[in-house]
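Heads up: the structure comes next, in structure tokens.
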Amino acid sequence: MISADQKRVLIARRPSNVDQGGLWEFPGGKLAPYETGLEGLKRELHEELGVEIVRARPLIRVHHEYPDKHILLDVWQVQEFAGEPFGREGQAVRWVPMEELVNYPFPAANLPILRAVMLPTDYLITGEEADEERFDSLLERALSEDGVRLVQLRAKNLDEAAYIARAERALRLCRQYDAKLLLNGEPALLDAVDADGIHLTSARLMDLERRPIAENKWLSASTHDQKQLSQAAVLGCDFVTLSPLRTTPSHPEVAPLGWHDFQQLVERAGMPVFALGGMTRFDASHARAVGAQGIASIRDFWK
């Protein structure tokens with residue numbers, strides 16, 4: 001459940017006499033026979049918190065293997081509800097600012113959910129702009145007018161010194177609008193620019209054997225198939241892009257995944273996935289309906 005200001009999340013403490021008791025979790029429970037995910041959500045939150053769900057959307061589906069069982073968490077984000085939530089079964093409940101969720105102990109299966117909760121639904125990949133003044137103007141417009149809060153700085157045409165200079169300016173702008181900035185390049189770039197994380201190309205992703213940056217930084221990667229998604233999980237990526245969903249002008253020779261294959265790959269990804277490749281904001285609802293965190297785009301946000 002998300003607060004009206006979109007800045008806080010409701011969590012509950014598991015009773016001490018149950019499995020993983022004392023840890024915090026997102027309220028919910030098991031589906032009854034023949035219930036849909038939304039029906040089960042409405043019933044469980046009424047029973048646990050005394051609220052009525054008005055509006056909710058799918059967030060992420062997480063398959064998790066415990067030593068003795070396999071579980072599937074079908075997670076929804078409650079965007080509007082009626083009533084004041086309280087621990088109807090005697091459990092402790094608390095509204096927590098999103099940035100403080102990392103300070104609470106959760107079951108291991110909840111970790112991908114934490115990432116999904118803290119990530120926005122739009123992921124801007126910057127365009128190849130030669131003019132620095134125009135670059136700054138386009139980035140600020142995306143941040144201020146479109147409300148973009150997650151940015152990947154992609155600039156293959158710049159040398160390292162020029163890239164670092166652009167990254168420093170981009171970081172100042174992102175800080176101004178409370179947005180996260182990821183650098184597309186070698187992980188060592190974080191030694192020069194204290195950005196929020198690194199985005200790995202699929203080639204870099206496949207060359208690495210372990211997570212290359214600290215846990216308190218965001219790590220994302222470009223993926224195109226199951227092998228690369230599995231490698232992203234091995235490295236502990238926090239989220240990925242999966243492409244191309246559609247044929248794109250930049251890569252017309254690459255066969256698109258299409259919605260069906262995209263959904264099949266997302267189902268087992270185990271982390272938030274942004275749909276990339278011909279995506280526009282008109283595709284955002286469809287992307288989320290098939291399991292995506294949201295959409296990633298250059299052209300739709302960079303204009």
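The values are calculated or read from the model by the stated rules, or taken from the named source; none is laboratory data. It should be emphasised that the depicted structure is a prediction, and the values quoted were computed from it without experimental measurement. With ideal geometry, Cβ positions are generated from the backbone for all residues, glycine too; neighbour counts draw on all protein chains shown. Ligands, DNA and RNA are excluded from the accessible area calculation, which covers all protein heavy atoms including side chains. Shrake-Rupley method; radii C 1.70, N 1.55, O 1.52, S 1.80 Å.
The table below gives the values:
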{"read-out": "Amide H partners (placed H, <5 Å) of Leu150, local residues excluded", "value": "Leu124, Lys180"}
{"read-out": "Relative contact order, percent, the chain [alpha-carbon distance under 8 Å, six or more residues apart]", "value": "15"}
{"read-out": "Dipole of region 96-173, positive direction: furthest Cα of Ala108, Pro97, Leu138, with charges on the beta-carbon", "value": "Ala108"}
{"read-out": "Rg to Rh quotient for the chain, alpha carbon positions, Kirkwood Rh", "value": "0.98"}
{"read-out": "Cα centre as origin, Lys/Arg/Asp/Glu Cβ charges: the chain dipole, Debye", "value": "360"}
{"read-out": "Farthest toward positive dipole pole in the chain [+1 Lys/Arg, -1 Asp/Glu at C-beta], among Val148, Pro67, Leu189", "value": "Pro67"}
{"read-out": "Mean Cα-pair separation over length for region 171-264, i.e. relative contact order, pairs under 8 Å, 6 or more apart, %", "value": "18"}
{"read-out": "Förster-model FRET efficiency, 30 Å R0, His46 and His70, C-beta, rounded to 0.05", "value": "0.60"}
{"read-out": "Approximate spin-label separation Tyr34-Glu160, in nm, with each point projected 7 Å along Cα-to-Cβ", "value": "6.5"}
{"read-out": "Contact order relative to length of region 103-201, as percent, for alpha carbon pairs under 8 angstrom and 6 or more apart", "value": "23"}
{"read-out": "Crossing angle, helix 226-235 versus the chain [Cα axis fit, 0-90 degrees, rounded to tens]", "value": "80"}
{"read-out": "Peptides ranked, highest mean first, by Cβ atoms within 10 Å: ranges 161-169, 37-45", "value": "37-45, 161-169"}
{"read-out": "Karplus 3J(HN,Hα) series, Hz, for region 91-104 with 6.51 cos²θ - 1.76 cosθ + 1.60 (x for Gly, Pro)", "value": "7, 6, 10, 7, 7, 10, x, 3, 6, 9, 4, 5, 8, 10"}
{"read-out": "Carbon and sulfur %, accessible surface of the chain computed with the full protein complex present, 1.4 Å", "value": "51"}
{"read-out": "Nearest-20 debye value, region 70-194 charge dipole, Cβ charges on Lys, Arg, Asp, Glu", "value": "380"}
{"read-out": "Highest to lowest packing among 272-280, 111-119, 123-131, 147-155, scored as the average C-beta count within 10 Å", "value": "272-280, 147-155, 111-119, 123-131"}
{"read-out": "Theoretical ellipticity at 222 nm over the chain - DSSP helices of four or more residues, -39500 (n - 2.57) apiece, nearest 500", "value": "-8000 deg cm²/dmol"}
{"read-out": "Residues listed by number, region 168-204, amide nitrogen under 19 Å from Glu215 label point at 7 Å toward C-beta", "value": "196-198"}
{"read-out": "Hull volume in cubic angstrom per residue (convex hull over the Cα atoms of region 24-97)", "value": "123"}
{"read-out": "Charge dipole (debye, nearest 20) of region 17-97; +1 at Cβ of Lys and Arg, -1 at Cβ of Asp and Glu", "value": "200"}
{"read-out": "Cβ-derived FRET efficiency at R0 35 Å, His260 paired with Glu80, nearest 0.05", "value": "0.70"}
{"read-out": "Mean accessible surface per residue for region 173-303, computed with a 1.4 Å probe while every protein chain stays in place, in Å²", "value": "45"}
